Amino acid sequence: EISACLVGSEMCIRDRVYADNAATTQMSDSVLKAMMPLLTDIYGNPSSLHSVGQIAKEHLEAARETVAECIGADPKEIYFTSGGSEADNQAIRSAAYIGARKGKKHIISSKFEHHAVLHTLDALKKEGFEVTLLDVYSNGIVKPEDVANAITDETCLVTIMTANNEIGTIQPIAEIGRICKEKGVLFHTDAVQAVGHIPVNVKDMNCDMLSVSAHKFHGPKGVGFLYARKGILLTNIIYGGAQERNKRAGTENMASIVGMATAIKDATDHLQENAEKVTAMRNRLIDGLKGIERSRINGDLEHHLPGTLNMCFEGIEGESLLLLLDSKGICASSGSACTSGSLDPSHVLLSIGVPVEIAHGSLRLSISEYNTMEQMDHIVKSVPEVVSYLRSISPVWERIKKEEK
């Protein structure tokens, strides 16, 4: 009975319109194929000296070379992690402690960073670090001049995300990185939403550290990597063995690492064609949904990820919107999957000036090259129907239309 239930669930999933790719993506067939030998025949521990272990190590280092090549780095600058959150934690703590040893304990970030960054900064504040969170403007973009003006002689780190996970806006990372380099301040960027979707080159971006997670570009969950420029002394956050050049203990997740390398290579090799296809589908959503009464699109659409669209609809609750869309076979979100259990409105939307009562009615649609234009048409048909129904039973919608408080 359990088996039959699971089969039924899988069929149900395949029939759905999956528009929540910013939360996670479907693993590709090529990734699964690349992983299988590491789960069966090539099962050695890469730290073992015997031939079985050394064969595994060859695959480990080949994956490191592939990952490095895709972002313009040296293989010795790549450290495999359990994902983007761990990479963010290690990068930020490493830079903070490097600064502290020099008497510098000031960190600059923005108000709409991922919680892996913001919560790490909160923890560091308890250790005596000063944190400046820069304003983000209504277009969802951090101004480089604000970064420059916030840097002081005490600043040890600037950490600004490459692309926002909720509204999809792309930040002027290369310019921010140049400012940091000129002022001798370490610069980290959370590139979890960017890698595999837009060009990412660590040298062009002038970054010292960069965080990546595989499951955002059709790789497996639970694996990612941290790029750290040569010369940066990383602080361990996991202690134990000597893996990852003594900077990240634990036997390597071999199958997932090889899968990630395959996924990032596939994504970068087909970056332009995928971006064009996904952008066309996103534009179909924009054209079909922007006419909904009292709706708004959040974030600048020029400097924007190809597949992310974030909108707010006055007079409704995002949770109800998502549940009714799900009943129509559409999987979407109202913000970050990491905070889906929270009743608070999105901190990202609040940071760009969206009023609290409007931020509650948000919808994030994030699509990939696996979606189709026919699916976009289904979304365009369904969203207005659901919004209209929710407004028809809302006690406040009529007052909103009359502009009453």
Distance in nm between residue 101 and residue 204 label points, each 7 Å along Cα→Cβ, equals 3.3
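Taking all protein chains together and a probe of 1.4 Å, list 59, 218 from the most accessible to the least accessible. Intermediate results must be reported in sequence, preceding the final value.
Values: 59 65, 218 15 Å².
From most accessible down to least: 59, 218.
Order these peptides, 287-295, 94-102, by their mean beta-carbon neighbour count within 10 angstrom, highest first.
Details: 287-295: 14.3, 94-102: 18.3.
With the highest mean Cβ count within 10 Å placed first, the list reads 94-102, 287-295.
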Tilt, helix 373-392 to longest principal axis of the chain (alpha-carbon atoms), in degrees rounded to tens, equals 50
Relative contact order of the stretch 254-386 (C-alpha contacts under 8 Å, at least 6 apart) in percent is 32
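Could you pull out the pairs from 105/143; 76/143; 111/402; 33/381; 183/277; 126/183 whose alpha carbons sit more than 29 Å apart here? Walk me through the numbers before you get to the answer.
On the way: 105/143 23 Å; 76/143 32 Å; 111/402 33 Å; 33/381 37 Å; 183/277 40 Å; 126/183 26 Å.
Over 29 Å apart, Cα to Cα: 76/143; 111/402; 33/381; 183/277.
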Shape call for the chain, from the Cα gyration tensor axes a ≥ b ≥ c (a/c under 1.5 means rounded, otherwise prolate when a/b beats b/c, else oblate), comes out oblate
CD proxy, 222 nm, the chain: helix-only mean residue ellipticity via -39,500 (n - 2.57) per DSSP H run with n ≥ 4, per residue, nearest 500, stands at -13500 deg cm²/dmol
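At 1.4 Å probe size, with the rest of the protein present, what percent of the exposed accessible area of the chain is carbon and sulfur atoms?
Working: 9470 of 18170 Å².
Within the chain, the accessible surface is 52 percent carbon and sulfur.
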Once phi for every residue in the stretch 82-98 is put through the Karplus expression 6.51 cos²θ - 1.76 cosθ + 1.60 (θ = phi - 60°), the whole-Hz ³J(HN,Hα) values, with Gly and Pro written as x, are 7, x, x, 5, 5, 4, 4, 4, 5, 4, 5, 5, 4, 5, 4, 6, 4
Over the stretch 137-273, with neighbouring protein chains present, the accessible area per residue in Å² at probe 1.4 Å is 36
Scoring the chain by relative contact order with C-alpha pairs under 8 Å, at least six apart, yields a percentage of 21
If the chain between residue 15 and residue 357 were fully extended at 0.36 nm per residue, the gain over the current Cα-Cα distance would be 119.8 nm
The alpha-carbon center of the stretch 162-202 and that of the stretch 375-404 are separated, in whole Å, by 36
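What FRET efficiency do you get for residue 393 and residue 133 if R0 is 30 Å and r is their Cβ-Cβ distance, rounded to the nearest 0.05?
On the way: r = 38 Å, r/R0 = 1.28.
Efficiency for this residue pair is about 0.20.
By its C-alpha gyration tensor, with a ≥ b ≥ c as the square roots of the eigenvalues, how is the stretch 1-135 shaped: rounded for a/c under 1.5, else prolate for a/b larger than b/c, else oblate? Intermediate results must be reported in sequence, preceding the final value.
Numbers: a/c = 2.62, a/b = 1.36, b/c = 1.92.
It is oblate, given that a/c is not under 1.5 and a/b is not larger than b/c.
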Restricted to the chain, the DSSP antiparallel beta bridge percent, nearest 5, is 55
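Under a 1.4 angstrom probe, counting protein chains only, how are 303, 106 ranked by accessible area, largest first? Display every interim value, and only then the final one.
Values: 303 90, 106 10 Å².
Heavy-atom accessible area, descending, gives 303, 106.
Please give the FRET efficiency for residue 50 paired with residue 126, using the beta carbon to beta carbon distance and R0 = 41 Å, rounded to the nearest 0.05. Write down the numbers at each step before the final one.
Numbers: r = 46 Å, r/R0 = 1.12.
The calculated FRET efficiency here is 0.35.
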Expected sort for 251-258, 222-229 on mean C-beta neighbours within 10 Å, highest first, is 222-229, 251-258
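How would you classify the stretch 43-200 from its alpha-carbon gyration tensor, with a ≥ b ≥ c the square roots of the eigenvalues: rounded for a/c under 1.5, else prolate if a/b is greater than b/c, otherwise oblate?
Numbers: a/c = 2.23, a/b = 1.67, b/c = 1.34.
It is prolate, given that a/c is not under 1.5 and a/b is the larger ratio.
The values are calculated or read from the model by the stated rules, or taken from the named source; none is laboratory data. These figures come from a predicted structure and were not determined experimentally. Every residue, glycine among them, receives a Cβ derived from its backbone with ideal geometry; neighbour counts consider all protein chains shown. Remember, those area values only see protein heavy atoms, side chains included, never the ligands or the DNA or RNA. Shrake-Rupley method; radii C 1.70, N 1.55, O 1.52, S 1.80 Å.
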